[in-house]
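The values are calculated or read from the model by the stated rules, or taken from the named source; none is laboratory data. Just so we're clear, the structure is a prediction, and the values are computed from it rather than from any experiment. Cβ sites come from the backbone with ideal geometry, for glycine too, and all protein chains shown count toward neighbours. When the accessible area is computed, the model is the full protein with side chains, heavy atoms only, and any ligands, DNA or RNA have been set aside. Shrake-Rupley method; radii C 1.70, N 1.55, O 1.52, S 1.80 Å.
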Amino acid sequence: MTYDELKGLEVSTGGTIPLLADVFTVCKNKTWVNIELKEENPRAIEPVVRLVMDMGMMDQVVFSSFVHNLRPELTKVLKRLGIEKKFSFGYLVWKFEEFPNYEQAQEGDSLNIDYDLYLKDSNRVLDEIAKARAKGMLIKFYIPRPHHIDTEEDYKTFESLDVDTVITDFPEKMLEYFERKANKKELKMPSPLN
């Protein structure tokens, strides 16, 4: 579908599908933007990187993909465009056989794990987390929908694993849990940009 065709569709919550530039305008200097690269064709990366740079968002963007070989392709595009900035790449994983080999991973990249994998085989996931941490990678979990509804037990698990980020459809629920906990222990809540 073309963007004009997509623009004519209404999303279930109302409104239309925004352009990435629209998202950047709303998020600039407020929060991080995770750009999931879905296209396996490396040529699709350059227009996205150019837009990120034109909008001044390189310091607020994280790239991620289930297509792990896009990490070196992204590096090539940045080099070709003369961009020296370091970037973070999230290796998305939703099947055990999709864990990366970690050779191309760089410090600051992340291992983004489907939480259902942890629930299926926590020991195997813990082994992968150890490999990723040895490379200086961040650990992120995403909670798939509609399979799982966040609970306080999940939040305790994330905390015990020292997870860097949790991607959820219910951020208010998670924030409420950690604010209650912070109020009891007088902990400082992190900023969305830290």
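In region 1-60, counting only helices (runs of 4 or more DSSP H) that sit wholly within it, none holds 2 or more residues that are within 19 Å of the chain's Cα centre (by Cα), polar (S, T, N, Q) and over 24 Å from residue 142 (Cα atoms). Listed by first and then second residue, the pairs with beta-carbon distance under 7 Å, at least 6 apart or on different chains, first residue in region 122-141 and in contact (Cβ under 8 Å) with a residue 24 or more places away in the chain, second exposed (fewer than 12 other Cβ atoms within 10 Å of the Cβ) and not polar (S, T, N, Q), are 135/107; 136/107. The sole residue among 180, 133 that is in a helix (DSSP H, G or I), open to solvent by 20 Å² or more (accessible area, probe 1.4 Å), under 20 Å from residue 62 (Cα atoms) and out of contact with any Phe, Trp or Tyr (no Cβ under 7 Å at 6 or more places or on another chain) is 133.
If you go through region 107-128 and keep only what is under 22 Å from residue 70 (Cβ atoms) and either touching a Leu at 6+ places or on another chain (Cβ under 6 Å) or surrounded by fewer than 19 Cβ atoms within 10 Å (Cβ to Cβ) (or both), you end up with 107, 108, 110, 112. For first residues located in region 75-103 and aromatic (Phe, Trp, Tyr), partners that are open to solvent by 40 Å² or more (accessible area, probe 1.4 Å) and lie 6+ apart or on another chain with Cβ distances below 7 Å form the pairs 96/124; 102/131; 102/135.
Here 126, 92 are screened, and the one residue that is of a type in the set (A, V, I, L, M, F, W, C), assigned to a helix (DSSP H, G or I) and either modelled with pLDDT of 95 or more or more than 30 Å from residue 156 (Cβ to Cβ) (or both) is 126. All conditions but one from (1) farther than 19 Å from residue 67 by Cβ; (2) modelled with pLDDT under 95; (3) of a type in the set (Val, Ile, Thr) apply to residue 167; the one that does not is (1).
So which of 169, 154, 162, 127 is of a type outside the set (S, T, N, Q) and touching a Lys or Arg at 6+ places or on another chain (Cβ under 8 Å)? Spell out how you get there, then give the answer.
On the way: 154 fails: touching a Lys or Arg at 6+ places or on another chain (Cβ under 8 Å); 162 fails: touching a Lys or Arg at 6+ places or on another chain (Cβ under 8 Å); 127 fails: touching a Lys or Arg at 6+ places or on another chain (Cβ under 8 Å).
After ruling out the rest, the residue left standing is 169.
If you go through region 11-25 one residue at a time, do you hit one that is under 30 Å from residue 121 (Cβ atoms), surrounded by 14 or more Cβ atoms within 10 Å (Cβ to Cβ) and touching a residue at least 12 places away in the same chain (Cβ under 8 Å)? No, there is no match, as no residue in region 11-25 is under 30 Å from residue 121 (Cβ atoms), surrounded by 14 or more Cβ atoms within 10 Å (Cβ to Cβ) and touching a residue at least 12 places away in the same chain (Cβ under 8 Å). Any residue that is open to solvent by 50 Å² or more (accessible area, probe 1.4 Å), outside any loop (DSSP other than H, G, I, E, B) and more than 30 Å from residue 133 (Cβ to Cβ) - is there at least one of those in region 69-88? Checking region 69-88: at least one residue is open to solvent by 50 Å² or more (accessible area, probe 1.4 Å), outside any loop (DSSP other than H, G, I, E, B) and more than 30 Å from residue 133 (Cβ to Cβ).
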